[in-house]
Structures are given as C-alpha cells and as structure tokens.
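The values are calculated or read from the model by the stated rules, or taken from the named source; none is laboratory data. Remember, predicted model here, so these are calculated numbers, not experimental data. Here the Cβ positions follow ideal geometry from the backbone for every residue, glycine too, while neighbour counts run over all protein chains shown.
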C-alpha cells in the first residue's frame, strides 16, 4: 500500500517518511537538518524526546496540528537527542513511548474504520518488522478472527508478554499461524516497533553532535536522573545472599532491559518474601524502561498482600526451569526453591518474612498482574 | 548405569561398545552442522566430559573409537565456539527444537508389572510396595512401553504438523535406547527461538497452563460451526463428544454438565494433552544423546525411526553382539528383544546373547561370570 502524507506524519520511522522530507526540500544531513533551536520542528523534537524519556509517554496533543513533515522531523531530532545521551535506559524508554503512541493512533483508526486500519497495520508489520500479518476473517468455533501471523514471528513478539494471555496455549494456532483480533495484533505490534526503534536510535547515534544537540542530551540526562528513584536504594545484583537467577534478573534490570512478565513477577515475589522493603523493590524496577512508579508500587503491594489479598509465594526452581529463568550454578547445590537458597545463605535462618510456592500460585487465572505493569 | 558395576562388568561393556563402534564407524549418525555443536562424552569411569568440538565427521568418529565412551552427546544448540567451557562465551547461534517423551510420565499399566526395587540385601520389591532405604528403582522396558511412547509421538507429530505448521521433512524421530522417544525439529523459522518462546511451545504441546475458559469461549453455539474448530479447541471438543456422546456445542454441554463446564474441559484436556518433559524443550544449553550411539542404561542404540509406525525399537536398537556371554542374574522380569523372550530370571546362571547380557548388566541385575582363564564370556 502507499501511505498518505498525514499517515507518514504518524509513521516517521518509515523509509517513505524520509522520502517525503526529500520531496519537500528538507535536507537530511545533520548539519542542515538541525537548523538549531528556534526551528519549530526542533522545538517539537526537544519536547518529544523529553516526553518519551522523562514522562514515558507521548501526549498526542504535543503533535496535534503540526504538519506531517514537522512531525517526521521532530521524531528524527528527538531520536538524535535521545541517542546522544548514550543511556540505554533512556533509549529504550523513548522507543517504548513512541511505540505506545503509534499503538494509540492505530487503535483510534481501528475504531473509525476496521478494514482500513487492518490494511495499515499489515503494511507496518511488513515494512517495519518484515512479517506478514494476513487479513483472514475466519470463524473458528464461536469467534471471528481478523488476522493471522506466522508462528515464529508471533513467538518473537510475544515472548516478553504475560503468557496467560499471550502464550500460544491461549491462542488458536493452525497451520503454523496464530489467529488474532485486530486490536491484539496492534498490541503485539507495539513490542516489535519498540525493539525496532531501539535498534534504529542506537544505530543512528552521532559521534560528534552539534553543540545544541549535545546540550539538549545532557539536559535530558539530568532530568531523567532527577525523575527516577535513587538507584542506590535498589537491592544490589551482587548480593551473595540471592540465588543466581535473582542476581541475573537484577543485572538485566540494571542494564535497562525490559524483563518478561513472569520474570518481573518472580523477582518481585522473591524480594517481597526476602523481606526487602517495598521502596527498595520499587527502586529496582525503576530501571525498567516501561517503569511507572504508581503502577509498580501498587503491584508490588499487591504481591506483598498489603492490599487486602494474600501474599504471593515464590515460584519453585522447577517452575523457573520450565520458563527458562533458572540460572542454576554450583552454589545452588540441590535447593528446590530460590527462597531456600536465601535461607541457606543467611545461615539456616528464615527469610525476614515470607513463603514459598504452594498457596498463592502465580499462574492462577483472573488473579494475575496486568502485563504492562511492575 | 542403574547399579554399581564391577570391573568385570565394565570391561565387558567397554569391549562390547568398542566392537559396536568399530563395526558401525562408517554409519554412525553425524549431527548436521557438526562444527558448531558441543560434543560430550560420558566415560566408563562415570565422568562427564563436556565442551568438546569436532571439526569433521572423521574427528568425531576418531574420538569415539579412541575413547569408547559410555554415552555420546551433542548440543541441540549451534555455537560460534562450541568448545568454550563458559556457556556465556560460546556465542549462541540458534538451536533445534527438541522434545522428549519419557514413557515413565505416561504411566502405562505395564510399568507397575515390571518395574521393581532392587535392595542392597538382594531382595526385590514390587513397585506397589513403595521405596525403602537401601533399595533402588529398576526401570524395565517392554513392547507395551514402546507402544505407549509411540502413541504419544504420533499425537505430538499431529500437533507439530497441523497446528505449528512444521514440515514433515524437518522432523526426526528417535527411540532413545531406553524407555522414551526424542523428536527433533530442524526448521529455520524456529531455530532462533529463545528460552521464553520455547517455553511457550512446550506449554502449548503439553497444555500445562491452559485456561478452561479459553476452550469454553470457543465452543460454538450451533452444531453447524463445529467443523470450523481447529487445533487444540478441535481436539478438546472431540474429547468432549467422545465422553458425553453429544455434538460438543456449548448449549448441549451446559445442559449436560450444568455449571461445571470447566471441570468437563479439564477432563477432556487430560485425555488429549501430549506429555513431554518441558524442561528438555526449554533448555537450549542441554546436550542430547547422539543418534546411533549406545544408551548406557541398556546398551541399546538411540535409533532413528524414519517411519514411526513401522519402527521396531526392541529389535532394531539391540545392536550389540549376539555372541553368548555367561552371566549370573540376580533378578530380571521378562525381557523381549529381537523377537525373543528372555526370562523371567531369579538367581540364575546362564549364557545369554551379548545384547541381552549388556541390557541386564547395564541395569545392575547381572554379573559377568569369568572363565577360569580370567577372561569374560562363555
């Protein structure tokens, strides 16, 4: 399909968006492109970078009314600024905010015109992810499915989402395809677009940015540091008390990685049951690019049973193995649960509080933690 | 090995294994992309030698003939540097998708009849009597075990091909040489899947965390739409039809079971799920027994089954010599190999074909009777 100019304003990362800029006479070299502060698209880019990195979301109002080429340029400028911070966490957070923004636009489009939206979403799958999302309109049992995606592509995009909802065990799979509703394919697209943008920003980093851009990146870094809970408050990944699986997840969080859903649940349940104060647990998750302090605090309190429910137990080593999260080494020496490891390391005493898997099974339906949270 | 082996037994097995590997050196199965695989040997001294690499088939066969390992393994993963002992430094490039069907997990009725506990005082306890300190479980193999495994493999194949769209020519099936089957998928589209994605596949196959509400939601209202069901929803619906004898529409089932549709679905799932060891599918750092190599639990080979229906493991996998060997058997249930039945035996001294002797010795229930000259054998 060919994209209209308005559409390209919403899809600034496509090759076609770059082509539009060229047609409009905008040069694409850094020195010419960035006329410097004062240009409306540069100002818009600064706001866009700040919104993505500091707020973690891009308010559609920021871009409303701007012509398509300015929306495209503002994305380019924002990506350059964020890339110039050299901060992996900032880059992931920006990529995720942009992907969420696109998801919102596509959902609006689907509400207005499903057929039209389906064509657009399929085109984005193809152009950005190199995957074929096929329109189907297939009735399977009591449900009508609108699109299907090849199995390997689906697994790639869904592997960090809540398996109770996105696992293929909760999907209709036939002939190597996973069947979905349009909105589900839009949600899944967010994962792929975020990863794509992260790679793009990383690869587009400029070695010697213009002074104004370097200054903007420095200011953004400072703002981000002020906005995040102190990292020093988080439990250290090097703690010898923690089993290797927990240390590995804490290290991944420290490096700014977005952990899969179950990994987050496990880490929170372990730290809660190990008696780590809630503020310290929240600080650990603050390194996650999709961090939202309010939601994280709510969810950690929920796991801790502080919101009227039961405290969640810590999954067993067998469960972690089955989910690919076990990092067993010689120090584990036959322990069957991460909490038993902690107990042994603390000299045979009990964890400060807590329990092991048995009662509050994390896999119980209807009692799970929404995928976007923690 | 299932019991402690004496020097004579180890020597007998080593000699038998050497003879087999020399005899079949030109037909040993070689892993595709050998140079990117980690190779592991289990030695007769009980040590596991991992993180080896072989650049060519000749190198691998040479090492096998030189060392005569008790077990030979290769990684399902491909690595840039497969010989690096640090897993993080190996440089993971991808992995085959592997499934392990262990007959023990299928609980066939024959298992209670032939498995037993061998106790240190020489006594034997049936499985139903439970374990006691000083007793070890001895797993046996019979045609019914093989049939149970074969049925499960066929269900897995149906699912891999019809649901997951795996091409038949990318699937390889092997009898493990003991009491199970391995199914390997070499499909470029699935090679790059990480642990989380493999966990999803294992979960799909075994339905270990399914939600009954998902199946209930898909059950059609009218009979005319039953034919639109595919994949697991179709299999679960068929199991419901078999159990309740009505077309499995939602209204019909709700009328029969009242509000307990979830329980009915749970029962249907239990009847159709494929029982695999999920950890084997998820663990990409695992090394697998090499096809055509010998299984230290039985002395039988891991057998490629090109046609799973026609494959006859208890005949084709008994590859060791038929040369008679004199053994003293403490206890052995009936054993059916190569079309003949051996045993049951209790405190018997007799001559048996080499492949039967190797099975019993590997199970720790027989000792080699040495001739007056000191050599093993008749």
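A few remarks follow.
- Within the stretch A:43-66, the set of residues being buried (at least 20 other Cβ atoms within 10 Å of the Cβ) and either in contact (Cβ under 8 Å) with a residue 60 or more places away in the chain or in contact with a strand residue (DSSP E or B) (Cβ under 8 Å, 6 or more places away or on another chain) (or both) comprises A:46, A:49, A:50, A:53.
- Listing of helices (runs of 4 or more DSSP H) fully contained in the stretch B:195-283 that carry 1 or more residues being more than 10 Å from every other protein chain (Cβ to nearest Cβ): B:231-244, B:250-257, B:261-272, B:278-282
- Listed here are the helices (runs of 4 or more DSSP H) enclosed by the stretch A:222-292 that have at least 3 residues being modelled with pLDDT of 85 or more and surrounded by fewer than 21 Cβ atoms within 10 Å (Cβ to Cβ): A:244-254.
Table: residues versus (1) farther than 30 Å from residue B:224 by Cβ; (2) in contact with a helix residue (DSSP H, G or I) (Cβ under 7 Å, 6 or more places away or on another chain); (3) in the same structural domain as residue A:12 (by TED's automatic domain parsing); (4) not in a helix (DSSP H, G or I).
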residue: A:97; (1), (2), (3), (4): yes, yes, no, no
residue: A:106; (1), (2), (3), (4): yes, yes, no, no
residue: A:115; (1), (2), (3), (4): no, no, no, no
residue: A:119; (1), (2), (3), (4): yes, no, no, no
residue: A:124; (1), (2), (3), (4): yes, yes, no, no
residue: A:146; (1), (2), (3), (4): no, yes, no, yes
residue: A:164; (1), (2), (3), (4): yes, yes, no, no
residue: A:169; (1), (2), (3), (4): no, yes, no, no
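For every residue, the table says whether it meets (1) modelled with pLDDT under 85; (2) over 27 Å from the mean Cα position of the chain (by Cα); (3) part of a helix (DSSP H, G or I).
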position	(1), (2), (3)
A:297	yes, no, yes
A:311	yes, no, no
A:321	yes, no, yes
A:332	yes, yes, no
A:336	no, yes, no
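- For the stretch B:28-44, a residue qualifies if it is under 15 Å from residue B:291 (Cβ atoms), in contact with a helix residue (DSSP H, G or I) (Cβ under 9 Å, 6 or more places away or on another chain) and in a strand (DSSP E or B), and exactly one does: B:39.
- When the residues of the stretch B:177-194 are filtered to those that are out of contact with any helix residue (DSSP H, G or I) (no Cβ under 8 Å at 6 or more places or on another chain) and outside any loop (DSSP other than H, G, I, E, B), the one that is modelled with the lowest pLDDT is B:188.
Residue-wise test of (1) touching a residue at least 12 places away in the same chain (Cβ under 8 Å); (2) in a helix (DSSP H, G or I); (3) crowded, with 18+ Cβ neighbours inside 10 Å.
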| residue | (1), (2), (3) |
| --- | --- |
| B:11 | yes, yes, no |
| B:16 | yes, yes, yes |
| B:46 | yes, no, no |
| B:58 | no, yes, no |
| B:74 | yes, no, yes |
| B:82 | yes, no, yes |
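- Qualifying residue in the stretch A:138-147 (condition: over 30 Å from residue B:227 (Cα atoms) and surrounded by 20 or more Cβ atoms within 10 Å (Cβ to Cβ)): no
- Test: residue in the stretch A:175-188 that is touching a helix residue (DSSP H, G or I) at 6+ places or on another chain (Cβ under 7 Å), over 30 Å from residue B:157 (Cβ atoms), crowded, with 23+ Cβ neighbours inside 10 Å and within 14 Å of another protein chain (Cβ to nearest Cβ): no
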